[in-house]
Amino acid sequence: MMDTPQPNSRRAWLAQAGMGVGALALQWMLTDAQAQAKPPVLKDKPYNDLMPRPTHFPATAKAMISLFQHGGPSHMDLTDPKPELTKRSGTDYPGDVHFSFVNQASKKLLGTPFKFFHRGQCGMELSELLPHTGEIADDICLIRSMHTGANGHEVSIRYFHGGIPGILGRPTLGSWMAYALGSETQDLPAYMVLTDPGGHPVDGVTNWSNGFMPAMFQGTVLRPKEPRIFNLQPPPNLAGTSQRQNLDLLQSINQRHLQSHPGEAELEARIASYELAARMQLAATDALDISKESAATLALYGIDQPETREYGTRCLLARRLVERGVRFVQLFHAGQPWDNHSALKPSLTSICKRTDKPVAGLVKDLKQRGLLDSTLVHWGGEIGRLPVTQQHGTPGQEGRDHNGQGFSIWLAGGGIRGGMAYGATDEFGHKAVENVVTPNDFQATIMHLFGLQWDKIFYPYNNQKQIITAQRAARVVREIVS
Amino acid sequence: MVRRLLLWTELGWHSSTFDNQSRSLATKLQRMLGSVMMLICAATSVVHAQEPSVPHFESDIRPILREYCLDCHGATEKLEGGLDLRLVRFMQMGGDSGVAIAGNDPESSLLWQRVSKNEMPPGEAKVSPEKKEILRRWLVAGAPTLRAEPEQIGPGVPLTEEERSYWAYQPIRRPAITLRTDSRARTQLDSLIENAMPSELSFSPDASRLTLIRRVYIDLLGLLPTAEDVRFWSEHTEPNWYEQMVERVLQSPAYGERWARHWLDAAGYADSDGVTLADAERPWAWQYRDYVIRSLNDDKPLDRFIVEQLAGDELAGAPQGDWSANQIECLTATGFLRMAADGTGSGDNSPESRNRTIADTLQIVGSTLLGSSLNCAQCHDHRYDPISHRDYFAIRAIFEPGLDWQNWKTPNERLVSLYTAADRQQAASLEEEAQTIAQEKNVKQTEYMQKALEQELMKYEEPLRGELRTAYETPGDKRTDQQKMLLDKNPSVNISPGVLYQYLPDAAEDLKKYDARIAEVRTKKPIEKFLQVLAEPANHAVVTKLFHRGDFNQPMQEIKPGKLAVLVPEGESTTFADDDTSIPTTGRRLAFARWLTRSDQPNPLLVRSLVNRVWMHHFGKGIVATPGDFGRLGNTPSHPEVLQWLATELVDKQWSLKELHRMILTSTVYRQSSARHSVGDAADPDNLLYWRKPIQRLDAEVVRDAMLQTASELNRAMFGAPLALIEDDAGQVSIDPNQPRRSLYAKWRRTQPVALLQTFDAPVMGVNCDVRPASTVATQALMLMNGDFTIAQAQKLAQITRQVAAHSEIDPKWQGDLAVIQPPVPTWQYGTGNIHYENGTVESFQPLTHFTGSQWQTSPTLPDPQNGWVLLHAQGGHPGNKNYPTIRRWIAPTAGNVSIEGSLGHGSENGDGVEAIILHKGSIAGRWAVKHASAATPVGTLQIMAGDTIDFVVHCREHETSDSFTWNVEIKLTSPNGASENFASAAGFRGPAEDYSKLAGQLRAAWLQVYFRSPTADEMDLLIRFAQQQIRLLQDEPHRVPAGSTVSQQVLVNVCQTLLNSNEFLYVD
């Protein structure tokens, strides 16, 4: 927070400097800078609260649930059938391939061992590994032409979250949403993260970093097991009225203290943090209690089965949070379960079994509750995988190396056209060749669905208008918007 | 003038991390004016301002080419397409596809064609339209250069004047200071700061004395002052009391603890190895932590401090017999180079893992000592800073003899034992002693075995007895099959030492005594301690190869150990000797460390990064806000001359850190108030110019330490092995509450961060931590409102406060406001007295008058000389002698029908039991006797009037010994209107009616304990109103008062907790 410059201070600066000896020099600098690039002139003060804010135009999405699939789901085996690849499996790939695991590199094409089926009214082709996703085919828009240009995990993860490949220290997508739109609820954090019981994902807490924005725009982590939020409840003798009285006393003392520090944002923020904490005690307890959900709902998410219970529970919690006005909920896996460098068949089967049903259950549940229209659901990883074999010397151990040149993600709800496949990779699934979509396009499109002109939402930092796409080329993919 | 410089900084350097245009603007100015004397520039630049701006190669084009093109067209020996873009004349010569630039027509220039169509560079990153436009204008202008191009250039991308003149690489030079005489400036530093302010701004008035005392103590020690400290300095009458205080505080050993933590953040201190899931513990890392504490307390000159940490092993040399104290100190210091995560000893000893550890170590060295993101140059030239791929490996070559990935040592293999020859000898002689006892034991054991055997054999008749004896005495491998069978059939004969106790219990006991003696002797051995060091083996001048794209599988040419080229003047050697033959090790790190710390020409990056960090901790933000990166991806200095001044002062004052603190702390800029005012807010709301002292939140460690301190719990013991962690059922990690020492001493495991500390932004070490964020989130509030730690400290603080308040006076008005609150009429009374058993009446009810906190007695003495053991507590009690039964009396609040359930118990096997009687209005409603048993004590319906009593009497029988009893009763009272209410003896148990008036003084005392100041009348009024409100709540809801506590006590605990949660406590003004 301390590093956040307030833009109007610079404006004050400019005003002062416009007089006296320095004026001409300043004039020159401005002119010269203008000749080369737009000078940074910041006019607006950044938001410093979580009140709901107006959009630029009517929004179709109000909330987003991002089911991030760390590691790089293998699109040739899941979402992007490649008959040519299957046909030529075992022969050498004719083009250039960039490998991450050079020692195990091979140019031998590896056809998918899985069958594909046409699903839904739309006939979208999906792998046998995703039977439940098949059931929501008419609700999702599958983008088969994602492209980060970099094969590394961290590089692409940071691209998706922060807008620039490989660069840390930027606010993540959830921070931008919370910043741009505020929160529908003042009882829960605007941006919540549900982590995996197995631990943090690759790149750890930077996955939900607020970067150069104030901490209030950081993702709040819900622990993977009870208590989902530490210290949420007071001991019984303090609960209720007693703690309320204590808090009232605290706020009275703090208000008196603030009188000698008028306008000290940091102190005001701490006063507000106690009120949020008090409201959270009630709201979060209610949101996290799934005991009153019906058996049918629990079954829909696979919570009644051991394999899907954990991920299903988190998917259900995501819905309950969104229902209560949380703006952005993101689910993470421990490590990177989709990073199938070896033993492709069993390892991919296993992660699909854990996630396919809960993911589809979430979309179905949102739909039956009428929430899908205003809730954008995102499923996808940071990269895909190569069409060639990653060798391990042992039959059955083959896997696939990283591929940031072409891969799939899908979106559903919140104004997205359902039942649609968009873009395409080459005949082997190596590179995105048609209607290429970058993470910056993805970000711009999401902002658009939320009623925001993506390049108009900025945060002043380093005397620059920082925007989500970091001034990199981006476009709203209007073709997938209904 | 300084003001303009700042402005220029804001607009130019500061404007963007990626914005080459404004940077080139800055470099233009810099070029014209020289690096430090920038101020005179304004007028000069005006002249230039009139000229049309034409891009030039060095200032405008080369940075673009560096970012996008030079990796393939210049950096490497083999040029892609034979095209070299390092110089304009090379472009004009062109490559395989022809000349790259021709004439002044962009369209016919190949460079423009390829770049404008995005054919070049290949890959994702394309040249932005703005940058293309600069390129086009440059080509139109005829590709001008600022100066003649060099005749010859060496391999790789040469450094340009523009790169060399970047502010961070400039030598340290003392800035010229126009001293202020017209202001409150006390020091040169103040003049520098104030000169940078616009005329309407100046320093704020000095902060109040109390604020200054608290500020200095917390800043330098990470601890609050004691009440005694506050009193002493508040009452100090000398004009230089403040300077004296700074001096005194700097001498406190707590200073080293506080500032060590700052350094440990930068060094990436952790008590575990990280990398793998095991996150193996580093049992000896703390020795390095203690080294840092001691060094800072001794005010070890920072140059020495740095040399020791980088090359302590080379300084120490080989041991001559035992390690000397100095050698141990030097070796301990190299723990700095062992802070990086290292999984090679805990499951991942792969080449990747080893190289990762080396890379992390270099990252720590780079960000901590060089203010540079070296790691960006691991795979290719740094895109923005003049740090080449080659430079990276030159630095790596300095460390590789000690961190040799091809002859790797795991963390355990790098430990150095501190055993001395004397220790070893003592241990050997003690072991000898132990062995002697062991032999004695063996002899004795053989005797006992023999005895046991004889005893057992006596159970058999001959000849079986003899056969068994022979079989047993024959060694196992020589026994015949028949003998084996015989022993199998008669296993009881097969006696072994392990089962001896079954035959001769006394013998086994006797043998155990020998074991105890052996163990005792062994515990006398000196404990073997270790150091975690980086010690380079002798004669190990390994060859470092540059890794293509940072991949160790693709080693390229050899790289000699060397410096960052940009810091070496042109024409001077950039390398260090491969091997210093005067010492056993290569001497590379020693040479590097000495190069960094030369006093005649200190390394500007090192000195700036050191003073910048010190400033950051004193003011919450560095002069460069990115202390680990002074490059173009980092921030530019807000006050460049202050950085210069501090840097020159540090070196001139013999690298004394304490001297640096003195200079900063005695300045007006530090001593001023933190209060905002409208003039300042209008001119500079972010306080970028330091017109007031920024307020700072307590650091994570200080939050915990200050709470412990306020609760008089803090154990100030210094040094040693880290404090154990405990993990509760929920997985929340905290420091063992039985070791309330400073947080610095906690075990800092990478995978087990202490929840309280982490919540308040203490780093969870990945590599290292340059800047801690100061976040304000609801989870912190939850932690302080509901966490066990805060509540425990509040309880302890309340306890202390009650003692303190007992001796202080308070305005009777406040007491009166609380005294008027009537305690509730008790429904239960506790007494003894004479019972007339025949007519069922209590002839006299004598209340028990002494309350211990949990039970009522007749006096503090037990047994009481007159009444004996008579006592009552929540669950039951003990009757006295025959004349003194216990009477628990219930008084009916309203009329109605009463029924009673109850359970009477007498637990002891001794004594003759007790008898219990329920009396109501002269009749016995029930009578039971129990001895080592329990009985239900139900009573049917009794009709009662308001004010009626029901007495629950227990008396002894013949004897009062062992007559402890339990008797829980529950009375159900049904009113005529049908409403019913339950009265349970245990839940309704109370001590004496409280005198709430004492609470007033306690509240005031608590305030004073936490804030070091008395509450104002308004604040006192607030506390009293809170107390009134909460007393009523706790009276109505007695479950809120924990057992053994009282309403007043709980109110006080809640107030204490609230004060510990408050901003006045959590922030430093």
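Where a number appears in this text, it was derived from the coordinates with a stated rule and is not lab data. All values reported here derive from a predicted model rather than from experimental measurement. Note: ideal-geometry Cβ built from the backbone for every residue, glycine included; neighbour counts use all protein chains shown.
Using the per-residue mean of other Cβ atoms lying within 10 Å as a proxy for protection, in what order, highest first, do the peptides B:463-473, B:311-321, B:73-83 fall?
Ranking the peptides B:463-473, B:311-321, B:73-83 by packing returns B:311-321, B:73-83, B:463-473.
Per residue of A:258-267, how many C-beta atoms from partner chains lie within 10 Å of its own C-beta, taken as a mean?
Going residue by residue through A:258-267 and averaging, the value is 5.
Other chains' Cβ within 10 Å of B:685-691 residues: what's the mean?
Per residue, the average neighbour count from other chains is 4.
Treating the beta-carbon of each Lys and Arg as +1 and of each Asp and Glu as -1, no other charges, what is the dipole magnitude of region B:634-725 about its Cα centre, to the nearest 20 debye?
In debye, rounded to 20, region B:634-725 gives about 260.
Of all DSSP beta bridges located in the protein assembly as shown, what percent are antiparallel, nearest 5?
Antiparallel bridges make up about 80 percent of those DSSP assigns within the protein assembly as shown.
Once you order the gyration tensor axes a ≥ b ≥ c over the Cα atoms, which shape class does region B:928-1006 get: rounded for a/c under 1.5, otherwise prolate or oblate by comparing a/b with b/c?
oblate
Cβ neighbours within 10 Å, averaged per peptide: list B:600-606, B:287-293, B:479-485 in order, most packed at the top.
Going from most to least packed, we get B:287-293, B:600-606, B:479-485.
Rounded to the nearest 20 Debye, what is the dipole magnitude of the protein assembly as shown about its Cα centre when Lys and Arg each give +1 and Asp and Glu each give -1 at the C-beta?
For this selection, approximately 2520 debye.
Rounded to the nearest 20 debye, what is the charge dipole size of region B:332-474 about its Cα centre when +1 sits on each Lys and Arg Cβ and -1 on each Asp and Glu Cβ?
560 debye
Is the C-alpha gyration tensor of the protein assembly as shown telling us rounded, prolate or oblate? Criteria: a/c under 1.5 is rounded; beyond that, a/b larger than b/c is prolate, otherwise oblate.
Because a/c hits 1.5 or more and a/b exceeds b/c, the protein assembly as shown counts as prolate.
With the dipole of region B:406-486 worked out from charges on the C-beta (+1 for Lys and Arg, -1 for Asp and Glu) around the Cα centre, which of B:419, B:466, B:406 lies farthest toward the positive end?
About the Cα centre, the residue reaching furthest to the positive side is B:406.
State, to one decimal in nm², a quarter of the convex hull surface area for the C-alpha atoms of chain A, i.e. the direction-averaged projected area.
With every direction weighted equally, the projected area is 26.9 nm².
Apply the a/c threshold of 1.5 to the C-alpha gyration tensor of region B:734-799 and tell me whether it is rounded, prolate or oblate.
Note, shape of region B:734-799 comes out oblate.
By how many degrees, 0 to 90 and rounded to 10, does the Cα axis of helix B:241-250 deviate from the longest principal axis of chain B?
Between helix and principal axis, roughly 80 degrees.
Could you work out how far the C-alpha centroid of region B:258-325 sits from that of region A:171-222, in angstrom?
36 Å
For residue B:102, what charge total do you get from the other residues with a beta carbon under 15 Å from its beta carbon, if Lys and Arg give +1 and Asp and Glu give -1?
Computed value for this residue: +1.
Convert 37 °C to kelvin, take the viscosity as 0.692 mPa s, use the Kirkwood radius over C-alpha pairs of chain B as Rh, and evaluate the Stokes-Einstein diffusion coefficient in µm²/s, rounded to a whole number.
90 µm²/s
With each run of n ≥ 4 DSSP H residues scored as -39500 (n - 2.57), what mean residue ellipticity at 222 nm is computed for chain B after dividing by its residue count and rounding to the nearest 500 deg cm²/dmol?
Result for chain B, helices only: -12500 deg cm²/dmol.
Please compute the net charge surrounding residue B:156, taking Lys and Arg as +1 and Asp and Glu as -1 over other residues with Cβ under 10 Å from its Cβ.
Within the 10 Å Cβ shell, the charges total -1.
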